[in-house]
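Participant: Right, I'll just put the structure down here and ask away after.
The values are calculated or read from the model by the stated rules, or taken from the named source; none is laboratory data. This one's a predicted model, so the numbers in the text were calculated from it and none came from an experiment. Every residue, glycine as well, gets a Cβ built from its backbone with ideal geometry; the counts of neighbours run over all protein chains shown.
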Number of protein chains: 2
Amino acid sequence: MPILVVGSVAFDSIHTPHGSVDRCLGGAATHFSLAASFFTPVRVIGVVGEDYTAKEEAVFHARGINTRGIERVPGKCFHWTGEYRDSMSEAHTLQTDLNVFQSFQPKIPAEYRDSEFLFLANIDPALQQKVRTAMPGVKMVCGDTMNYWITGHRANLDTVLRGLDVLLINDGEARLLSGESNLLRSAERILPSGPKTVIVKHGEYGATAFFSPASFPGECRHRFFHAPALPLAEVVDPTGAGDSFAGGFLGYLASQPAVTPAAFRRAMFYGGVMGSFAVERFGTERMQSLTREEIDGRFATFRELSHLDFD
Amino acid sequence: MPILVVGSVAFDSIHTPHGSVDRCLGGAATHFSLAASFFTPVRVIGVVGEDYTAKEEAVFHARGINTRGIERVPGKCFHWTGEYRDSMSEAHTLQTDLNVFQSFQPKIPAEYRDSEFLFLANIDPALQQKVRTAMPGVKMVCGDTMNYWITGHRANLDTVLRGLDVLLINDGEARLLSGESNLLRSAERILPSGPKTVIVKHGEYGATAFFSPASFPGECRHRFFHAPALPLAEVVDPTGAGDSFAGGFLGYLASQPAVTPAAFRRAMFYGGVMGSFAVERFGTERMQSLTREEIDGRFATFRELSHLDFD
């Protein structure tokens, strides 16, 4: 079933110990939609400037992604410049040029209205809520956020949280949002504020889903689920790993006949799989060359590296 | 089959946000042997002073641990004073009184000579090597170490590494030992220096085993295995968690008919299980009240929180 994603389509300039790239295609909606496109149809809502050309558009179209909702306006695309140092686990923002993103007002094309899955990528919670409200019939809504919105736009973010099925955040964001350093208590504090399930991403240590009784009413007796990460000898560029995780996760779920606990677990593994591919190359490069066969091969590897029933 | 462990038997004074304890029974050999005793016979080599009384001895004997190798000498036991702050993930040493441990020279009782498994807890690598050399016939040797020995006693530590089947260290120690920040490259650099397998413990994120072709000659086609940790709402005292992991891991392996890849995987889970119990109370308290039934119940929980085949 189709997923609708709203978020940034951007250019990224990235410096890592492995090299640098200047103005490569990026943005949360881009990384999410490329990852999700391996599993299900994807529709994007975003805004771009005049520097977004047929070359960028072709990256989406090669993966069959519907870009009708990417609005073109005068000006330049959102441009993020960032750096990763030794540990590669934390991005240091050097410059943020919002450009056309500053006055972004999401508009939902009529042909997107029947989307059954919705991903609210990391943007102003007021805009996330606007899209959420305009799509009352969706089956499942997942959302992401970041420090900036948690500390400075809390009331709006709280409104978004109340409408989420799954909140996808990282360790630091979970701690900031909850005011708790212990991860389980963090999740236990966030769950009553709205999201039925909280997935906390631990970077190279995988991700943990924390369930509430509302996650799978009457169906799931488990409180949490841990998906591993693949030990990688070389992380070339972590940008977009979290959005690729989200894309693999929600893309797989949307491809399934029903959102069952077992499908949710497999979706967490596919999230890890897509995140692990994303970081192998700069920007969207790895997603552009990836095949479903490679994805399923790595899914098998994830199973083997975490399950007891192997010799 | 019996395990021989050499290491510290100590008193710990511990301050955490949950409270403080003064001079509770601790030490790596203590935590290891209590955890391992749930699976297999355990024999301890260590040294204690006159402040080690029948009360401490009873903790070992209640678990059937052979303490013939705990030498009693004039003076006081090793005494560690430490503190855990907000995150509970790092111990800050406030004071170390080596006391009788300063002149510790391990002596192996005759009745220990037929031990088939050996754990070299975190002590001076020169002493680890002395015990290793005195036990040439053991089936499997595991060892631990720490920053102090890695930076200051590297030549001796390198000798120990060459004789290890499994090195058990944490993330920070793996990075320090290898000079690599990437964990997989870290392990790939450590493996050729001696240990057939490296287990890196990630605290609240579980542990990963990195295998070499020598881990299970001709038997194992996997490069790594990840065991989860249990999300815990309250970590009362992390002291001894790593040694309890080691005790659960090696204790389980020693209880098995053969060290197969499948047994190794289950042993990693039992390591995580024992570590998760250890931190629930101060010092050795939780191990003293623990039952095998609780252990197997939590093993099932670990499986459910990480395996795909559950609804």
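Participant: Restricting to segment A:86-102, and then to whatever is among the aliphatic types (A, V, I, L, M) and in a loop (DSSP other than H, G, I, E, B), can you tell me which residue is surrounded by the most Cβ atoms within 10 Å (Cβ to Cβ)? Explain how you work it out, then say what you get.
Facilitator: Initially, segment A:86-102 is screened for residues among the aliphatic types (A, V, I, L, M), giving A:88, A:91, A:94, A:98, A:100.
Next, from what is left, pick out any that are in a loop (DSSP other than H, G, I, E, B): A:88, A:98.
Values: A:88: 21, A:98: 16.
Residue satisfying both the conditions and the ranking: A:88.
Participant: How many residues does segment B:103-123 hold that are surrounded by fewer than 17 Cβ atoms within 10 Å (Cβ to Cβ) and assigned to a loop (DSSP other than H, G, I, E, B)?
Facilitator: Pass one, segment B:103-123, residues surrounded by fewer than 17 Cβ atoms within 10 Å (Cβ to Cβ): B:103, B:105, B:107, B:109-111, B:113-114, B:116.
Next, only the ones that are assigned to a loop (DSSP other than H, G, I, E, B) stay: B:105, B:107, B:109, B:113-114, B:116.
Total meeting the criteria: 6.
Participant: Okay, moving on. Please identify the pairs in which a residue from segment A:71-100 that is within 14 Å of chain B (Cβ to nearest Cβ) has its Cβ atom under 8 Å from the Cβ atom of a residue that is β-branched (Val, Ile, Thr) and outside any strand (DSSP E or B), counting only partners at least 6 apart or on another chain.
Facilitator: A:88/A:235
Participant: If you don't mind, another one. Among the numbered criteria (1) touching a Pro at 6+ places or on another chain (Cβ under 7 Å); (2) not in a loop (DSSP other than H, G, I, E, B), which single criterion is violated by residue A:164?
Facilitator: Condition (2) is where residue A:164 drops out.
Participant: While we're here: State all residues of segment A:297-307 that are facing chain B (nearest Cβ under 8 Å) and surrounded by fewer than 17 Cβ atoms within 10 Å (Cβ to Cβ); if no residue qualifies, say none. Give the derivation first.
Facilitator: At the first step, the residues of segment A:297-307 found to be facing chain B (nearest Cβ under 8 Å) are A:303-307.
Correct list: A:304 only.
Participant: Here are some conditions: (1) within 21 Å of residue B:144 (Cα to Cα); (2) at pLDDT 95 or above. Residue B:89 meets all but one. Which one does it not meet?
Facilitator: (2)
Participant: Kindly establish whether residue B:178 is touching a Leu at 6+ places or on another chain (Cβ under 9 Å), within 14 Å of chain A (Cβ to nearest Cβ) and crowded, with 18+ Cβ neighbours inside 10 Å. Step through it out loud before you land on a result.
Facilitator: Values: touching a Leu at 6+ places or on another chain (Cβ under 9 Å): no; within 14 Å of chain A (Cβ to nearest Cβ): yes; crowded, with 18+ Cβ neighbours inside 10 Å: yes.
For residue B:178, the condition - touching a Leu at 6+ places or on another chain (Cβ under 9 Å), within 14 Å of chain A (Cβ to nearest Cβ) and crowded, with 18+ Cβ neighbours inside 10 Å - is not met.
Participant: Give segment A:206-223 a look and list any residue that's under 21 Å from residue B:201 (Cα atoms) and at pLDDT below 95, or say none.
Facilitator: Across segment A:206-223, there are no qualifying residues.
Participant: Take residues that are at pLDDT 95 or above, farther than 24 Å from residue A:110 by Cα and of a type in the set (Phe, Trp, Tyr) and tell me which of the strands (runs of 3 or more DSSP E) falling wholly in segment A:1-85 contain 1 or more. It would help to see each step written out before you state the result.
Facilitator: Numbers: elements: A:3-6, A:10-16, A:19-26, A:42-48, A:66-72, A:78-84.
In segment A:1-85, A:10-16, A:78-84 are the strands (runs of 3 or more DSSP E) which contain 1 or more residues that are at pLDDT 95 or above, farther than 24 Å from residue A:110 by Cα and of a type in the set (Phe, Trp, Tyr).
Participant: Search segment B:242-274 for residues being away from chain A (no Cβ under 12 Å), surrounded by fewer than 24 Cβ atoms within 10 Å (Cβ to Cβ) and free of Cβ contacts under 8 Å to residues at least 60 places away in the same chain, and hand back the single one that is farthest from residue A:190 (Cα to Cα).
Facilitator: Within segment B:242-274, the match that is farthest from residue A:190 (Cα to Cα) is B:257.
Participant: Ok, one more. State which residue is farthest from residue B:244 (Cα to Cα) when the search covers only segment B:275-294 and only residues that are more than 14 Å from every other protein chain (Cβ to nearest Cβ) and surrounded by fewer than 20 Cβ atoms within 10 Å (Cβ to Cβ).
Facilitator: This residue is B:293.
Participant: Looking for whichever is at negative phi and in contact with a helix residue (DSSP H, G or I) (Cβ under 7 Å, 6 or more places away or on another chain) here; the options are A:100, A:21, A:5. Which one fits? Give the derivation first.
Facilitator: Values: A:100 fails: in contact with a helix residue (DSSP H, G or I) (Cβ under 7 Å, 6 or more places away or on another chain); A:21 fails: in contact with a helix residue (DSSP H, G or I) (Cβ under 7 Å, 6 or more places away or on another chain).
Just one listed residue meets the conditions, A:5.
Participant: Could you check how many residues of segment A:177-234 are among the basic types (Lys, Arg) and more than 14 Å from residue B:233 (Cα to Cα)? Give the derivation first.
Facilitator: The initial filter retains those residues of segment A:177-234 that are among the basic types (Lys, Arg), namely A:185, A:189, A:196, A:201, A:221, A:223.
So of that shortlist, the ones also more than 14 Å from residue B:233 (Cα to Cα) come out as A:196, A:201, A:221.
So the count comes out to 3.
Participant: Something else: Taking the stated definitions as given, is residue A:38 among the aromatic types (Phe, Trp, Tyr), touching a residue at least 12 places away in the same chain (Cβ under 8 Å) and closer than 30 Å to residue B:182 by Cα? Outline the logic, then answer.
Facilitator: Values: among the aromatic types (Phe, Trp, Tyr): yes; touching a residue at least 12 places away in the same chain (Cβ under 8 Å): yes; closer than 30 Å to residue B:182 by Cα: yes.
The answer is yes for residue A:38.
Participant: Condition (residue is among the hydroxyl-bearing types (Ser, Thr, Tyr) and either in a loop (DSSP other than H, G, I, E, B) or in contact with a Cys (Cβ under 6 Å, 6 or more places away or on another chain) (or both)) applied to segment B:252-267: is it met by at least one residue? First the steps, then the outcome.
Facilitator: Filtering segment B:252-267 down to residues among the hydroxyl-bearing types (Ser, Thr, Tyr) leaves B:252, B:255, B:260.
Narrowing further to those that are either in a loop (DSSP other than H, G, I, E, B) or in contact with a Cys (Cβ under 6 Å, 6 or more places away or on another chain) (or both): B:255, B:260.
Yes, because at least one residue in segment B:252-267 is among the hydroxyl-bearing types (Ser, Thr, Tyr) and either in a loop (DSSP other than H, G, I, E, B) or in contact with a Cys (Cβ under 6 Å, 6 or more places away or on another chain) (or both).
Participant: Follow-up. Could you check, for segment A:279-297, whether at least one of its residues is among the small types (Gly, Ala, Ser), outside any helix (DSSP H, G or I) and either under 21 Å from the mean Cα position of the chain (by Cα) or at pLDDT 95 or above (or both)?
Facilitator: Scanning segment A:279-297, I find at least one residue that is among the small types (Gly, Ala, Ser), outside any helix (DSSP H, G or I) and either under 21 Å from the mean Cα position of the chain (by Cα) or at pLDDT 95 or above (or both), so the answer is yes.
Participant: Another one. Mind counting the residues in segment B:185-235 that are more than 9 Å from every other protein chain (Cβ to nearest Cβ), of a type in the set (A, V, I, L, M) and in contact (Cβ under 8 Å) with a residue 24 or more places away in the chain?
Facilitator: Qualifying residue count, segment B:185-235: 6.
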